[in-house]
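A short worksheet on the structure shown next.
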Amino acid sequence: MRIKITAPGIYDGKGKEIQVGTELTVKTEPKGWAGRYTVLTEDQKGKTGVKAVHRGGGSYSIMDGDKELVEKLGKDDAEAFNALSDEDKAAFVAEQAKA
């Protein structure tokens with residue numbers, strides 16, 4: 001889930017205050033920070049999402065759970081893919097399927 005810090009008084013693991021306006025990705029909602037953040041996006045329970053993962057030997061594949069959708073990507077291409085929006089990821093996978 002993505003949250004945005006909206007008030008001071010939140011600190012990182014090293015004791016440094018996190019600036020107001022900072023966006024973070026967290027695994028679970030930090031209830032102890034109640035009133036000092038807003039939820040930007042919720043996790044979709046049960047959905048792993050499409051992402052590029054390392055398959056060994058310097059090769060990456062685009063995976064949807066256990067299903068391989070595209071294979072033999074380089075590291076730079078895999079990182080670029082993972083930075084795309086869900087819509088752009090779907091368009092890229094569809095285009096690769098045509099090739």
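For the chain, what is the relative contact order in percent, using Cα pairs closer than 8 Å and at least 6 residues apart in sequence?
20
Identify all lysines with a Cα-Cα distance to Lys75 below 20 Å; exclude those on the same chain that are fewer than 8 residues away in sequence.
Lys51, Lys67, Lys89
For Val93 and Val39, what does the FRET efficiency come to when R0 = 30 Å and r is the distance between their Cβ atoms, rounded to the nearest 0.05?
Between Val93 and Val39 the formula returns 0.60.
At q = 0.18, 0.19 Å⁻¹, what log₁₀ I(q)/I(0) does a Debye calculation on the Cα points of the chain give, no solvent, two decimals?
Treating every Cα as an identical point scatterer, log10 I(q)/I(0) equals -0.88, -0.92.
Estimate the FRET efficiency between Asp86 and Thr22 by the formula 1/(1 + (r/R0)^6), using the beta-carbon distance for r and 25 Å for R0, to the nearest 0.05.
The formula returns an efficiency of 0.60 here.
Cross-link partners among lysines for Lys14, C-alpha distance below 27 Å, same-chain residues fewer than 8 apart left out?
Here the lysines satisfying the reach criterion relative to Lys14 are Lys4, Lys27, Lys31.
Can you tell me the length gained on complete extension of the stretch Lys67 to Glu29, counting 0.36 nm per residue apart and subtracting the Cα distance?
Between Lys67 and Glu29, full extension yields 10.8 nm more.
For segment 86-96, what does the Karplus curve 6.51 cos²θ - 1.76 cosθ + 1.60, with θ = phi - 60°, yield as ³J(HN,Hα) per residue in whole Hz, taken in order and with x for Gly and Pro?
So the Karplus estimates, Gly and Pro as x, are 4, 5, 5, 4, 4, 5, 5, 4, 4, 5, 5 Hz.
Rounded to the nearest 20 Debye, what is the dipole magnitude of the chain about its Cα centre when Lys and Arg each give +1 and Asp and Glu each give -1 at the C-beta?
My answer is approximately 380 debye.
The numbers here are math on the coordinates, done by the rules we state, and not lab data. These numbers come from a predicted model, not from an experiment. Note that each Cβ is placed from the backbone with ideal geometry, even for glycine, and that neighbours are counted across all protein chains shown.
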